[in-house]
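Here is the structure we will look at, set down as structure tokens.
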Amino acid sequence: MTMAEDIFFRMTEIDKIYPLEGEDVHALKKVSLSIDEGEYLSVLGPSGSGKSTLMNIIGCLDTPTSGEYILQGREVEDMDELELAELRNREIGFIFQNSQLLPRLTARKNVELPLVYAGVSPKERRERAEAMLERVGLADRMDHMPNQLSGGQQQRVAIARAMVGNPSILLADEPTGALNQKTGAQIMELFHELNDEKRTVIMITHDLKIASHARRVVHIIDGGISEGGLHDA
């Protein structure tokens, strides 16, 4: 039998039920999903399908009502809030549709933030943030404020921030939704490069064209998951 510590990512029969005005809303229904380390996966679904709820549970921002979620060998549903916060900071890099940069911090200071929470020294924070900004092509924008950056540059800062702690998973929620087509394509190219470096990428989207960039696609409809097939990227 496979031990939990040997499992990278596995959800088994995950349910999420929200009480709403005296009636239960079943947002996720018996969702089972396994992901291998180094995969590039898209979760594709329309508005109201449950994909945001699934993203929050994957990202340890919410907990399931029932079922089992194992991440890096740890049973997530048994953790308290402090343990969940530590797991998020260590294992998951978040990339949102709107970059969610802090407007009064430079690009470098925004990228340093996860390392501040992780207790990394100021010198090491600076060095690692600069290396990540160089990695995403922003070596000449480190001291710029977010309002001095284009939308695509802001999203690259957000990707650098997500990567700086070397998480096991990059979790992207509609990462090109606020970008034009050309800039969105550049961000997708960067995701391919990151995945080629064996980083695990999970992308949540409603856009079939964006989802098709992943090497594996699963569909979520009415809170249930189905495989969409494998293809070469």
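The values are calculated or read from the model by the stated rules, or taken from the named source; none is laboratory data. The structure displayed is predicted, hence computed values, not measured ones. FYI the Cβ positions are ideal-geometry reconstructions off the backbone, even for glycines, and counts take in every protein chain you see. The protein model used for the area step is the full one, side chains on, heavy atoms only, and it has no ligands, DNA or RNA in it. Shrake-Rupley method; radii C 1.70, N 1.55, O 1.52, S 1.80 Å.
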Give the residue, chosen from E5, E37, that is within 14 Å of I169 (Cα to Cα), among the acidic types (D, E) and exposed (fewer than 15 other Cβ atoms within 10 Å of the Cβ). E37
Which one of E77, E81, E68 is under 22 Å from L28 (Cα atoms) and in contact with a Pro (Cβ under 7 Å, 6 or more places away or on another chain)? E77
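Condition check: open to solvent by 40 Å² or more (accessible area, probe 1.4 Å) and assigned to a helix (DSSP H, G or I). Does R161 satisfy that? Step through it out loud before you land on a result.
Working: open to solvent by 40 Å² or more (accessible area, probe 1.4 Å): no; assigned to a helix (DSSP H, G or I): yes.
No, not satisfied.
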Restricting to segment 46-69, what's the tally of residues that are under 16 Å from P167 (Cα atoms) and open to solvent by less than 10 Å² (accessible area, probe 1.4 Å)? 3
So the check is Cβ under 8 Å with 6+ separation or different chains; which pairs have a first residue in segment 71-87 that's more than 16 Å from P167 (Cβ to Cβ) and a second one that's among the aliphatic types (A, V, I, L, M) and open to solvent by less than 70 Å² (accessible area, probe 1.4 Å)? E75/A4; M79/L87
Filter segment 70-91 down to the residues that are in a strand (DSSP E or B) and either at positive phi or of a type in the set (A, V, I, L, M, F, W, C) (or both), then identify the one that is surrounded by the most Cβ atoms within 10 Å (Cβ to Cβ). L71
Restricting to segment 95-132, count the residues that are open to solvent by less than 40 Å² (accessible area, probe 1.4 Å) and within 16 Å of the chain's Cα centre (by Cα). 5
Pairing a residue in segment 15-40 that is assigned to a strand (DSSP E or B) with any residue that is open to solvent by less than 60 Å² (accessible area, probe 1.4 Å) and acidic (D, E), where Cβ atoms lie under 8 Å and the two sit 6 or more apart in sequence or on different chains, gives K16/D62; H26/D15; L28/D15; K29/D15; K30/D15; V31/D15
